[in-house]
Amino acid sequence: MPGSNNSNVTHELNYVTTNRFYIEIESSIAASFTECSGLGAQIQKKVIPEGGVNDQQRVYLGHVEFNDVTLKRGVTDHPGFWNWISEVFDEQGKTSRRNVNILVFNQAGETMMSWTLIGAVPIGWKAPALQADGNTAAIEELTLAYEGIQFGKEKGGGNKSTRMKSGFFESK
C-alpha cells in the first residue's frame, strides 16, 4: 500500500529472557549471565539472657555482612565492562568501584527485579574454555564484593562511585 509503513517495519529486537541475569554498567546492559548466586546478607546479633526471665531473650543487632555475588556463564562485548574488570589488575592500584545493577526482566522486556550492589568491585574472574567460532567474549565466573545493597525495580546504576566524606558510597 503506498504511503503505508506497515510493510517496512524496522525495529531492533532486544531479546531478554527470564532465565538470564543482566548486569548494567555505565547505564547500559553490559553482560548477561545464566546463574547468579550469593545475593544475601547476614546481620550480626548479640543474644543476652535476662535474669529471671526464662522464656525470652534480648536480641541486639550489630553490623551487616554482605555475601560475595558470583555470576556464572556470561557473555559480553561491552568495552566499559572489560575496562572496569581490567582496572583491578592495574599496577597503580586504583580500583574503581561502581554501583552495579543485577536486573531480571520478564518476556516483555520490563524490569521485574533489580538488585543494586553499592560500591561493587570485582574480586574474582575466571575464563571459560575458548572456542574459535564465538563472536563475543565469554565469562565463566565473575565474583563481586560490595559494601551495600538496594532492592527495587528501577535501573540507573553502573556509574563510577566515589566515597563520600563519611567513607561510604552513595546509595543512588
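The values are calculated or read from the model by the stated rules, or taken from the named source; none is laboratory data. No experiment lies behind these values; they were computed from the predicted model shown. So basically every Cβ, Gly included, is an ideal-geometry build from the backbone, and we count neighbours across all protein chains shown. Accessible surface areas use protein heavy atoms only, side chains included; no ligands, DNA or RNA. Shrake-Rupley method; radii C 1.70, N 1.55, O 1.52, S 1.80 Å.
Quick notes on this structure:
- With N counted as the residues of region 19-63, its alpha-carbon radius of gyration over 2.2 N^0.38 Å works out to 2.22.
- With the whole protein complex present, Asp68 retains an accessible surface near 70 Å², based on a 1.4 Å probe.
- Estimated at 0.36 nm per residue, the fully extended path between Glu65 and Leu39 surpasses their Cα-Cα distance by 8.2 nm.
- In this Cβ point-charge picture (+1 for Lys and Arg, -1 for Asp and Glu), region 64-123 has a dipole of about 80 debye about its Cα centre.
- Across region 121-130, rounded Karplus estimates of 3J(HN,Hα) from the backbone phi angles (6.51 cos²θ - 1.76 cosθ + 1.60, θ = phi - 60°) give 9, x, 10, x, 8, 9, 8, x, 5, 7 Hz, Gly and Pro being marked x.
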